[in-house]
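To start, the structure itself, in structure tokens.
The values are calculated or read from the model by the stated rules, or taken from the named source; none is laboratory data. Being a predicted model, the structure only gives us computed values, none of them experimental. Every residue, glycine as well, gets a Cβ built from its backbone with ideal geometry; the counts of neighbours run over all protein chains shown.
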Amino acid sequence: MKRVTQLLLATGCNLGIWLLVALFGTSEFYRRSIVMGGGIAWDEILTVQICTALIWAAFTPLVVLIAQRLPLRPPHLLRNAIAIVAFLPYLAVFRAAFGGAVLNLGEHQPIAWSMVHLSIGIRTHRDIAILAAIFFLSNFVDAHREAAERERQRMRAQTLLARTEIDELRARLQPQFALRMLRHIGDVLRDAPQIAEQLIVELGALLRRSISRGANERILLADELEHLDRCLDLCRAGGRFSVTTRYVADEEVLACSVPALALQPVIESVVLDLTSGDGGSVGGSVEVRCEREQGEAKVDVCWTIAPAGSPSRTTLRIPCAEALA
């Protein structure tokens, strides 16, 4: 259906343009006949001009088809330009001869070579110019359409890339983490509603930080550890979970830059484990040791679930750079 609509629209535009040309040609020819003292009736001129315009309207799709087969664009720009220049005179002669034959038939007369020859002699030069204009306009429209399509593809690619980055960032934040914290805040709300309001604000800030960080962004390792501490503070709030922390790191490793959210999966695992019990586990302890080894930050995270859980350990080796200015 869309293809049919486009075809009808193109046909209507083609006929409309050539009918406007016929009206303009009629007014020009009629005015010229008056100035030169002729007495040609305007309706006779209009009939001839409309007939000529309809011939061009029927001829234009063929010219456009040839122009599409010989586009004036790389990689065959020179070859196609030479082919068009060589082909245009023959096409113009054919168009002029066809027009002469149609004029004979329109006057209910047999096709005469004299009329065809006269039409070729009169119209060939002008028809070459008209055909060249059609070739140029067709190539211009096609080039513009291709440029618009490339721009749409570029925008689609950018949109897809942006969505992929957003999905990647969201994937770093486990839904269980947010749900566990919301459940924790709900428990605190029953006992200390004034504290729960602040916890909602803190959780919102933590979630925004996880989503807003870019995939290529780099931050201080100290900032990542501060993010871990804020998550553990959220667990401590309300007194349900008791969490002790210990950090062992020197200033050099804390000041090096690492990819943003590098510790996010470990942070979520620690928080989910320390808040996993409904009464059996009431927090635990977390120890973080950081060292710098040959261009990497070695981060060793060990956590133990209270009251007598076995320790869990994760070691990350994160590519790091010199301290941020």
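Considering every residue within the range 36-45, establish whether at least one is modelled with pLDDT under 90 and closer than 20 Å to Arg126 by Cα. Outline the logic, then answer.
So the first thing to find is which residues in the range 36-45 are modelled with pLDDT under 90, and the list is 36-45.
Add one more test, that the residue is closer than 20 Å to Arg126 by Cα, and what stays is 45.
Yes, some residue in the range 36-45 is modelled with pLDDT under 90 and closer than 20 Å to Arg126 by Cα.
Suppose we filter Ile50, Ile45, Ile40, Ile17 for residues that are part of a loop (DSSP other than H, G, I, E, B), under 24 Å from Ala101 (Cα atoms) and assigned by TED's automatic domain parsing to the domain that holds Phe98; which single one remains?
Ile40
Run Pro71 past the list (1) closer than 30 Å to Arg145 by Cα; (2) part of a helix (DSSP H, G or I); (3) in contact (Cβ under 8 Å) with a residue 40 or more places away in the chain and report the number of the one that doesn't hold.
Every listed condition holds for Pro71 apart from (2).
Could you please tell me which pairs satisfy a Cβ distance under 7 Å, a separation of 6+ or placement on different chains, a first residue in the range 257-272 that is more than 17 Å from Leu220 (Cα to Cα), and a second residue that is crowded, with 18+ Cβ neighbours inside 10 Å and aromatic (Phe, Trp, Tyr)?
That search, which allows pairs on different chains as well, returns Glu268/Phe177; Val270/Trp303; Val271/Phe177; Leu272/Phe177.
Give the range 246-273 a look and list any residue that's part of a strand (DSSP E or B) and buried (at least 16 other Cβ atoms within 10 Å of the Cβ), or say none.
If the condition is that a residue be part of a strand (DSSP E or B) and buried (at least 16 other Cβ atoms within 10 Å of the Cβ), then Cys256, Ser257, Val258, Pro259 are the ones that fit.
Restricting to the range 226-245, and then to whatever is of a type in the set (Ser, Thr, Tyr) and at pLDDT 85 or above, can you tell me which residue is surrounded by the most Cβ atoms within 10 Å (Cβ to Cβ)?
Thr245
Here are Thr47, Thr26, Thr11, Thr5: which of them is under 33 Å from the mean Cα position of the chain (by Cα), among the hydroxyl-bearing types (Ser, Thr, Tyr) and surrounded by 12 or more Cβ atoms within 10 Å (Cβ to Cβ)?
Exactly one residue qualifies, and that residue is Thr11.
Yes/no matrix, rows are residues, columns are (1) in the same structural domain as Ala297 (by TED's automatic domain parsing); (2) under 41 Å from the mean Cα position of the chain (by Cα); (3) at pLDDT below 80:
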residue: Leu179; (1), (2), (3): yes, yes, yes
residue: Arg190; (1), (2), (3): yes, no, yes
residue: Ser212; (1), (2), (3): yes, yes, yes
residue: Asn216; (1), (2), (3): yes, yes, yes
residue: Glu224; (1), (2), (3): yes, yes, no
residue: Val253; (1), (2), (3): yes, yes, no
residue: Cys256; (1), (2), (3): yes, yes, no
residue: Ala260; (1), (2), (3): yes, yes, yes
